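One structure below.
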Amino acid sequence: MKIIVYIFIFIPIFSYTQTGPGGVGSNNGSSNLDMWFDANQSVFSDAGVTPALNTEKVYQWNNISNSSTANAIEATFAYRPNYLTNSLNGYPTIAFDGNDDRLLSQSANTVTESSIFIVFFGTYEGGDNEDQLLNVTYNANSSVIEINSSTNLRARYYFGAGNGNTSINSTFSNGTPSVLTVNYDGGNTSEVFNLGASSNTANTSMVNQGTGTACIGAHANNQGYFYGNIGEIIRYSSIVNSAQQIIIENYLAAKYGLSLTVNDLYDEDNPANGNYDHDVAGIGRVDAINTHSDAQGTGIVRILNPTNLDNDEFLFWGHDNGVAQATNGTDVPTGVSARFDRTWRASQTNSSGSPISVGNVDLAFDLSGLGNINTSDLRLLIDTDNDGLFDDETPISGATNTSGNIYQFSAVSNLSNNNRFTIATINSNQTPLPVELLGFDVKPIENRRVELHWQTASETNNDYFTIERSKNGVAWEALNTLDGAGNSSSLVNYSTVDNVPYTGISYYRLKQTDFDGEFAYSDIRSANIASGNTNKLEIWPNPATNIIRVLGNESELQNISFCNMLGQDVTDQTKRISNEDSMQLIDLSNLVSGIYYLKTKNTVNKLYKH
């Protein structure tokens, strides 16, 4: 089967490369990246899908860092912010009304130091003088970023509690988008940056930390509501070095169409250079201590191992959002069959804007989700003369399959400042480079279930999909199968629901099988279902027809019994069909319609059977 993509390729969950913002940190929970709320990813409405209209309310904003910090959810409809499409440089933002909008996470990691980055624009309305972008409360103490002042916005950052806190201020313009950066060194100093420029420093400290509650757009205690828009919130649980800070700020500035006041080093996002705004990442060095030499970011290109990365030198890259498929068969050198329509462009520069060279680099492509790949068919194309064409260039061979779906060109020597580059194949029949999925999303929805959704752009000989689930990402079980479209040249949407996911993290993948028995796997996705409340039992659905799901504390679920309205025990007419610690799946199909009581160790719950 060949399924064609038109937008992007996802990064595998088990990649240990630097897949965080700009290529700093990893989004698999293994790094110091512990909060990453991106309005372009994992934002869900009441319908359980990404909002499509500016009038739709945001029910949940997922933390895509995959750390233990929970997702941000607002269960009360009136408090939910709006989702705004095409708000900043084509990217969405979350809009808060300044009255009662907020998104609350019940769990936030303890930090002793941190770096925080927020892309926002807002308007101070007056009133409580503490419109809060992000508030993380640890017991009686808080780390707070808030907006105040009636004339200009002052980003006020402080640690502490009550009158004991120490604050730091920086001035922003009303309604003007900005990148706000805050560094707290874990000792006595905090520093605030506006569009890369240091605005102020102050002596601050934090004491008595513990498990926290994070609130976006307000204080967790229903006060200090923010009026404005937030595109992205990033927090590291330790302070990033100065080279990494520059890289993250350039990633955010390029993505949201902003200009940094200081260290605006990546210039391929400018319209004159072709608007290479997307999935920007970078490597660089301020000095021997402040360096970053391996990055992939949110895209599929990883650059590492520079041979001549000196002080005050950076290499950035981003792409034009072209089709990530080998559809271009005209602008290719002799001997090349087709190339990716998507192209990347690189900036090699220093803080003064002068071109530099970081030496040879290893350049890798994550080709997860593609069909069969013959490594020897791959070619790297670099527009060395900067004429915007690849047909007059010499293809670079020698790719190696370093692991999984990673294909690397080592010691690339001719990637200079402003050069475009892309990947190609010399045999589009043997190595066609089609991407099989337009998207594969997995997300928790109401009643502790998980919805899976994927989309194809075209299909050839596609018999069926098998949805597979795993508790550890190693041992897999078949959850469901869905028929494929066979042969199709139009968009096809698929979806299914896992009604009984594991408590904690469930991993999912798709197995696509052709009519001839050939099959391929998708990337892995995950969803996290928190354990049941110790003092509360959840029964779903209620009323029920056949099968119910009961969630609660493990000891509470050990002895479940049923009785009818006459007090007669009818437990033997039911059947347990699962054995999870905090979740039981029970078949009620042998019970007649009526009202029953479900009894556990300490609870009695009324149950309606159709």
Next on the checklist: Please count how many residues of the stretch 317-348 are open to solvent by 10 Å² or more (accessible area, probe 1.4 Å), out of contact with any Lys or Arg (no Cβ under 9 Å at 6 or more places or on another chain) and within 25 Å of K255 (Cβ to Cβ).
Outcome noted: 1
Checklist entry - What are the residues in the stretch 59-83 that are within 26 Å of T19 (Cα to Cα) and of a type in the set (A, V, I, L, M, F, W, C), if any? => result W61, I64, A70, A72, I73
Checklist outcome for this item: When restricted to D287, D279, the only residue of a type in the set (D, E, K, R) and in a strand (DSSP E or B) is D279
Next on the checklist: Need pairs with beta-carbon distance below 7 Å; first residue in contact (Cβ under 8 Å) with a residue 40 or more places away in the chain and within the stretch 66-78, second in a loop (DSSP other than H, G, I, E, B) and open to solvent by 30 Å² or more (accessible area, probe 1.4 Å); sequence gap 6+ or separate chains.
Outcome noted: N66/N27; N66/N28; N66/G29; S67/G29; S67/N109; S68/N109; T69/N109
Next on the checklist: Of everything in the stretch 43-84, what is within 18 Å of Q106 (Cα to Cα), open to solvent by 50 Å² or more (accessible area, probe 1.4 Å) and of a type in the set (V, I, T)? Give them in sequence order.
Outcome noted: I73, T76
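Just give me the residues in the stretch 446-487 being open to solvent by less than 50 Å² (accessible area, probe 1.4 Å) and of a type in the set (G, A, S), in sequence order.
Step one: list which residues in the stretch 446-487 are open to solvent by less than 50 Å² (accessible area, probe 1.4 Å), which gives 448-452, 454-459, 462-463, 465-470, 473, 482, 484-486.
Within the stretch 446-487, A457, S458, S470, G473, G484, A485, G486 qualify.
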Checklist entry - When the residues of the stretch 341-362 are filtered to those that are within 18 Å of L381 (Cβ to Cβ) and out of contact with any Leu (no Cβ under 7 Å at 6 or more places or on another chain), which remaining residue is modelled with the lowest pLDDT? => result D341
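Identify, from the list V262, V280, the residue that is among the aliphatic types (A, V, I, L, M) and either crowded, with 23+ Cβ neighbours inside 10 Å or more than 19 Å from V182 (Cα to Cα) (or both). Steps first, please.
Working: V262 fails: either crowded, with 23+ Cβ neighbours inside 10 Å or more than 19 Å from V182 (Cα to Cα) (or both).
Just one listed residue meets the conditions, V280.
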Checklist entry - Any chance the stretch 37-57 includes a residue that's modelled with pLDDT of 90 or more, over 16 Å from the mean Cα position of the chain (by Cα) and not hydrophobic (A, V, I, L, M, F, W, C)? => result yes
Item to check | Any chance Y251 is surrounded by 24 or more Cβ atoms within 10 Å (Cβ to Cβ) and not in a helix (DSSP H, G or I) | outcome: no
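Is it the case, given these coordinates, that A78 is among the hydrophobic types (A, V, I, L, M, F, W, C), at pLDDT 85 or above and out of contact with any strand residue (DSSP E or B) (no Cβ under 7 Å at 6 or more places or on another chain)? Before the answer, list the steps.
Values: among the hydrophobic types (A, V, I, L, M, F, W, C): yes; at pLDDT 85 or above: yes; out of contact with any strand residue (DSSP E or B) (no Cβ under 7 Å at 6 or more places or on another chain): yes.
Spelling it out, A78 is indeed among the hydrophobic types (A, V, I, L, M, F, W, C), at pLDDT 85 or above and out of contact with any strand residue (DSSP E or B) (no Cβ under 7 Å at 6 or more places or on another chain).
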Checklist entry - What do you reckon, is E580 of a type outside the set (V, I, T), more than 30 Å from Y464 (Cα to Cα), at pLDDT below 80 and open to solvent by 20 Å² or more (accessible area, probe 1.4 Å)? => result no
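Does N414 count as modelled with pLDDT of 90 or more, assigned to a loop (DSSP other than H, G, I, E, B) and surrounded by fewer than 21 Cβ atoms within 10 Å (Cβ to Cβ)? Steps first, answer last, please.
On the way: modelled with pLDDT of 90 or more: yes; assigned to a loop (DSSP other than H, G, I, E, B): yes; surrounded by fewer than 21 Cβ atoms within 10 Å (Cβ to Cβ): yes.
The answer is yes for N414.
The values are calculated or read from the model by the stated rules, or taken from the named source; none is laboratory data. Every value quoted in this text rests on a predicted model; they were computed, and no experiment measured them. Neighbour counts are summed over all protein chains in view; Cβ atoms, including those assigned to glycine, are modelled from backbone coordinates with ideal geometry. Remember, those area values only see protein heavy atoms, side chains included, never the ligands or the DNA or RNA. Shrake-Rupley method; radii C 1.70, N 1.55, O 1.52, S 1.80 Å.
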